[in-house]
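In what follows, a structure is listed as structure tokens, so that the remarks can point back to it.
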Amino acid sequence: MRAILHVKLAFVLTLLCWSSSAVGGEAQATPSFDCGKAVHAFETAICNNQDLAALDVELDKLYRSSPANSPERRTHRVWNNLRDDCGSDVDCIFDLQMRSYFWMRGNPKLEPWLQEAKKKLKRRSSQSRGGGDLGWGLHLPKTEEACTRTSFAVISDRFGGDPKDPKAAGTAALLSNGSYVVTYESDKVLIDSQPGDPVEMCLASIPVDCPPGDERGRWYDITNLRTHARTRLPDAQHACGGA
């Protein structure tokens, strides 16, 4: 009889522990992928966060609705590849998701649920994961004349095509810290650069009187540390409040 009581007591304690953890923790979310097959830290973080999971579903819808091999799909894959550098940092993952979201939607206006998610998942501005300085740990400059080191990830025209093509539509570049610069012109500094080239990136100017949630219009001084060539470019094709 005593053995049976011990078994029942252990069972009750197990149920109480399970209930306590279920109430105290966040229920597993439902992103666009199977959480049972998650192998990367960023995947686990998405599965454990309702906001990240909801945005992942929206991104998947936008990706599937874009034409095959379109600039939207190619650029989205670049943002996705950078997520591995985030580890389990939900702020970092959310930031990359938002960049992809803006790129594929072409519309800076945030829906109400995303505005709330952005408030909750505001990125830490001064800490890099694990004390490291690689990948997404290189935060964007926050104040004018502040600089950071990064590298080119992708160099293309404005639509993801070959920037050296005579018919190329402007020039653009994605950097490995998640930043993006673009111009309607043919920028020789970018065209002469290569993915992987080290870069010094300095914030040259910040726009004022922008609509809430519209953070476009920052200009950056980009110096290729291999060629030592320098250019100044904006982070969007339109200033804040534009099209």
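Among 62, 82, 96, the order by Cβ neighbours within 10 angstrom, fewest to most, reads 62, 96, 82.
For the ranges 64-76, 145-157, what's the packing order if you count other beta-carbon atoms within 10 Å of each residue, average per peptide, and put the highest first? Please report the intermediate quantities before stating the final value.
Numbers: 64-76: 14.2, 145-157: 17.5.
Sorting 64-76, 145-157 by mean packing, highest first, produces 145-157, 64-76.
Would you tally the net charge around residue 224, using a Cβ to Cβ cut-off of less than 10 Å, leaving residue 224 out, and scoring K and R as +1, D and E as -1?
Summing Lys/Arg as +1 and Asp/Glu as -1 gives -1.
A cut-off under 14 angstrom between Cβ atoms defines the neighbours of residue 186, and their net charge, with Lys, Arg +1 and Asp, Glu -1, is -2.
Among the GluC sites (Glu not before Pro) in region 148-243, those placed in a DSSP loop whose Cβ has at most 13 other Cβ atoms within 10 Å are 185. Gap in Å between the Cα centre of region 59-112 and the Cα centre of region 135-197? Rounded to whole Å, the Cα centres lie 17 Å apart. Seen from residue 75, the other residues with C-beta closer than 13 Å to its C-beta sum to a net charge of +4, counting Lys and Arg as +1 and Asp and Glu as -1.
Rule-based calculations on the coordinates, nothing more; no lab input. The model shown is predicted, which means the values in this text are computed figures rather than measured ones. For neighbour counting, all protein chains shown are included, and Cβ atoms are generated from backbone atoms with ideal geometry for every residue, glycine included.
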